[in-house]
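The values are calculated or read from the model by the stated rules, or taken from the named source; none is laboratory data. Computed from a predicted model, the values in this text were never measured in an experiment. Cβ sites come from the backbone with ideal geometry, for glycine too, and all protein chains shown count toward neighbours. With ligands, DNA and RNA removed, areas are computed over all heavy atoms of the protein, side chains included. Shrake-Rupley method; radii C 1.70, N 1.55, O 1.52, S 1.80 Å.
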Amino acid sequence: TESDTTSDGSVPWTYTVANSNTQYLALNQTASEVFTVTINDGKGGTLTQDVTVNIAGTNDVPVLTATDVAGVITEGSALSDAGSIAFADLDLTDRPTATETTKSVVATKAGGTELLLTAAQQAAIENAFTITPSTTNTNNGTINWNYSIAEGSLNFLAAGENVTAVFTVTVIDNNGSTLTQDVTVNITGTNDAPVLTATDVAGVITEGSALSDAGSIAFADL
């Protein structure tokens, strides 16, 4: 508004909006508002002027919440575990996606020294980890992870031996911004009883001639 005056004047205008009220705009998105200012000379004469405000959006990085990022696997009993990572993106049109990579796999013996893994053992441990996005994901949602491994892939672990596998889940928004969250899976070995094979367990002794015989018993311990 302007006070009555006999001379020329001006009507200043301001536009102020809270940042939280524009966060929904993503990069390259805009919102335009047009306001009409009417000048009245008090004698019935009016003039109007539109004021246009353009609001440009920027990219907001998604926020991650580690809902459940620890898995426990025990040879012979608990061979699977699962959890989830929640994300929230203030940009309403963003549809974040996710990828996973193996960060590290460390195996140790009962005394704490390193246990060397074969290529097949390493691959089985890594391939047991998978991620699946929720079908209801929008700009907010959940990335579900699962770890499931066959008993036969862990039989090489003895009691007291342990594998710690760390997997990195990366959440990517539409504009290339990323956030990462590690998921740690601890695998504990148990004792497997050896298996015996009776290769030759029958002896024949004949007094006066055959006074000795021999054989063998084979064993295998996983």
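Could you identify the single residue in L116, L154 that is open to solvent by 60 Å² or more (accessible area, probe 1.4 Å) and either in contact (Cβ under 8 Å) with a residue 12 or more places away in the chain or of a type outside the set (D, E) (or both)?
L116
Within segment 101-116, can one find any residue that is at pLDDT below 90 and among the hydroxyl-bearing types (S, T, Y)?
No, that holds for no residue.
Any idea which of (1) open to solvent by 70 Å² or more (accessible area, probe 1.4 Å); (2) closer than 30 Å to N191 by Cα; (3) touching an Asp or Glu at 6+ places or on another chain (Cβ under 9 Å) is the one S10 doesn't satisfy?
All conditions pass for S10, except number (2).
Could you please find all residues in segment 17-37 being among the small types (G, A, S) and surrounded by 15 or more Cβ atoms within 10 Å (Cβ to Cβ)?
Residue satisfying the conditions is A26 alone.
Residues that are in contact (Cβ under 8 Å) with a residue 24 or more places away in the chain and either loosely packed, with under 14 Cβ neighbours inside 10 Å or within 50 Å of the chain's Cα centre (by Cα) (or both): does segment 206-214 have at least one?
Looking through segment 206-214, none of the residues is in contact (Cβ under 8 Å) with a residue 24 or more places away in the chain and either loosely packed, with under 14 Cβ neighbours inside 10 Å or within 50 Å of the chain's Cα centre (by Cα) (or both).
Hey, can you tell me all the residues within segment 14-58 that are within 30 Å of G176 (Cα to Cα), touching a Ser or Thr at 6+ places or on another chain (Cβ under 8 Å), polar (S, T, N, Q) and at pLDDT below 90?
Across segment 14-58, the qualifying residue is only Q29.
Pairs needed: first member in segment 1-29, more than 23 Å from G57 (Cβ to Cβ); second member anywhere, modelled with pLDDT under 70 and open to solvent by 100 Å² or more (accessible area, probe 1.4 Å); C-beta distance under 9 Å; at least 6 residues apart or different chains.
Note: pairs meeting the criteria are V11/T1.
Can you pull out the strands (runs of 3 or more DSSP E) entirely within segment 44-125 that have at least 2 residues that are in contact with a helix residue (DSSP H, G or I) (Cβ under 6 Å, 6 or more places away or on another chain)?
Of the strands (runs of 3 or more DSSP E) lying wholly inside segment 44-125, those with at least 2 residues that are in contact with a helix residue (DSSP H, G or I) (Cβ under 6 Å, 6 or more places away or on another chain) span 97-108.
What do you reckon, is F129 among the aromatic types (F, W, Y), crowded, with 18+ Cβ neighbours inside 10 Å, farther than 14 Å from V185 by Cβ and touching a residue at least 12 places away in the same chain (Cβ under 8 Å)?
Against the criterion (among the aromatic types (F, W, Y), crowded, with 18+ Cβ neighbours inside 10 Å, farther than 14 Å from V185 by Cβ and touching a residue at least 12 places away in the same chain (Cβ under 8 Å)), F129 does not qualify.
Looking at S104, S84, which is the one that is loosely packed, with under 15 Cβ neighbours inside 10 Å and either touching a residue at least 24 places away in the same chain (Cβ under 8 Å) or within 18 Å of the chain's Cα centre (by Cα) (or both)?
S104
Report every pair of residues separated by at least 6 positions or lying on different chains whose Cβ atoms are under 7 Å apart, first residue within segment 178-203 and closer than 13 Å to L157 by Cα and among the acidic types (D, E), second part of a loop (DSSP other than H, G, I, E, B) and open to solvent by 70 Å² or more (accessible area, probe 1.4 Å).
The qualifying pairs are D192/D221; D192/L222.
How many residues are of a type outside the set (V, I, T) and open to solvent by less than 30 Å² (accessible area, probe 1.4 Å) if we restrict to segment 162-191?
Selection size over segment 162-191: 5.
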